[in-house]
């Protein structure tokens, strides 16, 4: 019985040693100088020192590793992730670096940085997956990083005014201004379109000119006050003036003041200037998050969209040239020149097909078929990129889970004011 008990104690102690050995990783110098024992947070790895000499620009392949040497234990100790280190050790042994898909890309990148291994050493089968996951993590950090604006507490009247315009959701008066501005924009745009309708024999704008003028004056005065207030409160005024929406604000109110200064100016340049009033609809993007996200996704996709644009221009010129020379023998043809053929090719590639211009020759019709099919493929190219960027921008606007819990806790306190905590 004693012997059995001794065996059980021995196996128990041995099991504990094996358990602890799996919890750390270190570098030890074994009896042979060429053999190194690597202890990483308790997990033991053995490796020939010659495999590290192949990569002298890394931590393990240079003398920098000596600063991690533990003389008492005669080992090199690294307080790192043992699971990820196994992939790093395989890189030294086989010369190829692989990324475990079930591991965090940021943690893996941190291990690579610590041991001085460039991510360019990643195998082709893993590089794209790692890069995509790492970019997603960086986007996540950027989305949920606490900015200076979140901690900013306005003190002066100017700072409070700016906060009121830029973050209206945290103030009742800010919400009032926000929705009032949106309603005025809507009224202004509707009035600009309705006044062009026929009311009997005359335009509605002429028949009810006084009513439309009053509505226009109220809207423009409100837009002017809003712009001046934003300009006054902006931290960097010149930068604010260069912003797209700020330019739209100015362009949208210019026609009113031009008509006020030159009341007799009708037709000509003034008529063109009145078109700018409809740009007020763009101001609605300031009041709609999804519209801003769509605009941001378009800007983020400019490189892909520019490629599609170049392809479209190339195909338009190519197909227009073929169709023009195929139809030039017909005296009644509507394809009088290559530039005039652009219209047919564009509406065909975009699958609109108005039918105002149609080829009659066999070559012209075959070219039209190819033009239509190629247009479907080219126009569909940017769709996945736009969808990805729009999803990413939408994700940026969502609150962090911790922020949601904090908001819920604050709401609970507001709805249950009688709840108190006492310390005995």
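Every read-out reported here was derived from the displayed coordinates using simple, explicitly stated rules and does not represent laboratory data. Predicted, not measured: the structure shown is a model, and the values here were computed from it. Ideal geometry is used to build each Cβ from the backbone, glycine not excepted, and the neighbour counts take in all protein chains shown.
Points worth noting:
- Each label point was placed 7 Å from the Cα along the Cα-to-Cβ direction; for residue 170 and residue 228 their separation is 2.8 nm.
- Here the residues 388, 201, ranked from fewest to most Cβ neighbours within 10 Å of their Cβ, fall in the order 201, 388.
- Calculated log₁₀ intensity ratio I(q)/I(0) where the Debye formula runs over C-alpha points of the stretch 40-105, q = 0.15, 0.18 Å⁻¹: -0.51, -0.74
- Length gained when the stretch residue 331-residue 135 is fully extended (0.36 nm per residue, less Cα-Cα span): 64.6 nm
- In terms of surrounding Cβ atoms within a 10 Å radius of their Cβ, 104, 371, 125, 219 rank from fewest to most as 125, 104, 371, 219.
- Between the stretch 335-372 and the stretch 64-83, the Cα center-to-center distance that results, in Å: 73
- Each residue, residue 292 and residue 106, gets one label point 7 Å from its Cα in the Cβ direction; the gap between the two is 2.4 nm.
- Sorted fewest first by neighbouring Cβ atoms within 10 angstrom, 189, 379 come out as 379, 189.
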